[in-house]
1. State whether the residues of region 229-252 include one that is closer than 23 Å to GLY67 by Cβ, touching a helix residue (DSSP H, G or I) at 6+ places or on another chain (Cβ under 9 Å) and at pLDDT below 95.
2. For region 323-374, which residues satisfy the criterion of being assigned to a strand (DSSP E or B) and free of Cβ contacts under 8 Å to residues at least 24 places away in the same chain?
3. Could you check LYS45 against (1) in the same structural domain as GLY328 (by TED's automatic domain parsing); (2) assigned to a loop (DSSP other than H, G, I, E, B) and say which number it fails?
4. Determine, yes or no, whether LYS33 is on the phi > 0 side of the Ramachandran plot and under 25 Å from the mean Cα position of the chain (by Cα).
5. Among the numbered conditions (1) under 17 Å from the mean Cα position of the chain (by Cα); (2) in a helix (DSSP H, G or I); (3) not charged (D, E, K, R), tell me where ALA249 comes up short.
6. What are the residues in region 234-246 that are touching a residue at least 40 places away in the same chain (Cβ under 8 Å) and in a loop (DSSP other than H, G, I, E, B), if any?
7. Identify, by number, the condition in (1) part of a loop (DSSP other than H, G, I, E, B); (2) in contact with a strand residue (DSSP E or B) (Cβ under 8 Å, 6 or more places away or on another chain) that GLY228 doesn't meet.
8. Which numbered condition in (1) touching a helix residue (DSSP H, G or I) at 6+ places or on another chain (Cβ under 9 Å); (2) under 21 Å from LEU182 (Cβ atoms) is the only one that GLU210 fails?
Amino acid sequence: MRLIIMFLMLCPIFTPASLFASDEALASEHAAKLAILLDTAISQKLIAGGVVVVGNQDGIIATSARGQLNAAPGSPQLDERSIFDVASLTKVIATTPAVMKLVEEGRISLSDPVSRWFPEFAAPGYGEITILNLLTHTSGLQDIMVGAKQSMPDAIRKAAAQKYRKQAGSHFRYADINFILLGELVLRLTGETLDVFCQEQIYGPLGTEETMFLPPRELAAAIAPTAGTRAGVVQDLNARRLGGVAGHAGLFSSAYDLSRYARLMLGRGVIDDRRVLSENVVAQMTTPYSCSQGQVLRGLGWDMESPYSAPKGSFFSAASFGHTGYSGSSIWIDPQQDLFVIMLTRRLNYSDIRNFNQLRRDISTMASAAYRMPDEGLGLTTRWEVAKITAQVLVAAETATQAPRRRTKVAARCSDKLQPRQRADRQIAKKDRGDRRLAKSGIGPRVSRISKVAKADAAKTGHSGRKRRPLPES
């Protein structure tokens, strides 16, 4: 299979037609290769479908989509206008530009203490948290769970009452509470909720008709559902309990609308000859801030280099920035290469973080290899190098898909070998039933005592048998 993929990727280089291929033909060819990665993720049951859009300041270069909008029979195919819950992309598509507009107007400063608007944080002991700390996740605050009957003031008091948070500015800790506070700050400064402010100041001027909080019920049929919620209802529980409009989650959008926002960032605040954000605001948002002793680089809201940077792939420049969303969304923008990649998916497997991040990485690596400007430093100077990189990514993805299949075949062979042992299995099962009867008769407490001894031994050795929790996602 690997040889077939390599041949398919490299073969077009040697055909005379490829020497005269149009930009549209090449875009179609590369989009088909991106579709292979989406198909692979579907076969792995990571996603039920997804959309990838690649573009530059002038517009969309290529779109690749696989799967249906929902699981209903006859559901429409996903495309660049399909609406998704974009989860934590809310932080950079809504909250960050809203806050930065207020900075531009002089109503707040990045160095302002949060306690100026949230008196709950005036207590001494941890240093003053600033607006900059919230935007870069260096406030030291840990995430909280909003109670079923709690309001925003309750959530703020709960966050401010944390006893073991780190000193503000000393360490990067990704936490939704930072942007929950920033979303509330917009309301306290303007008297308008975040959704109203963004519609008036950003989405209206930008012309993004499919970007919104609280989609109306009549639009639900056009929205991809997320796990655990019906279409049009935000997946994040805290966002739901805060009314569906929050600074960290709650936004719905399409790949097409997000492409317009990416073009706005590449245009330094201008799109289609219309200014929506000032050039200074865009520059401030994308200036790198060093966190955690230089191990992490963040923009204002935006990620640049951190444990959450999987969508950066292998060939985006150091000037690039982006963000991910728990629902299966991501966006990465490279002003140096005039390129962006957006991925929205109907995510299925939330526990396999490693392979899902690899999908994000592979999509960006392949897209940036195919569409970025030639760079001799990276060796991407001809179609040969591009095809080679593409083939390597596809082979790796195919290998990852085959591994579970091989495990299944091995399990099947083992099962065949066990057939002669059915009688022994029945005897074991009979013994187990006898043990359970003994436990019910009063001998059972011995088992409990043995279990307690085992737990005590585990505590001494430091091996509890529990798996480590994977890194949480944004």
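The values are calculated or read from the model by the stated rules, or taken from the named source; none is laboratory data. Computed from a prediction, not measured in an experiment: that's the story for all the values here. All Cβ positions, even for glycine, are placed from backbone atoms using ideal geometry, and neighbour counts span all protein chains on display.
1. Scanning region 229-252, I find at least one residue that is closer than 23 Å to GLY67 by Cβ, touching a helix residue (DSSP H, G or I) at 6+ places or on another chain (Cβ under 9 Å) and at pLDDT below 95, so the answer is yes.
2. Scanning region 323-374 gives no hits.
3. LYS45 satisfies every listed condition except (1).
4. The answer is no for LYS33.
5. That leaves (2) as the condition not met.
6. Hits for region 234-246 are VAL234, GLN235, ASP236, LEU242, VAL245, ALA246.
7. (2)
8. Status for GLU210: all satisfied but (2).
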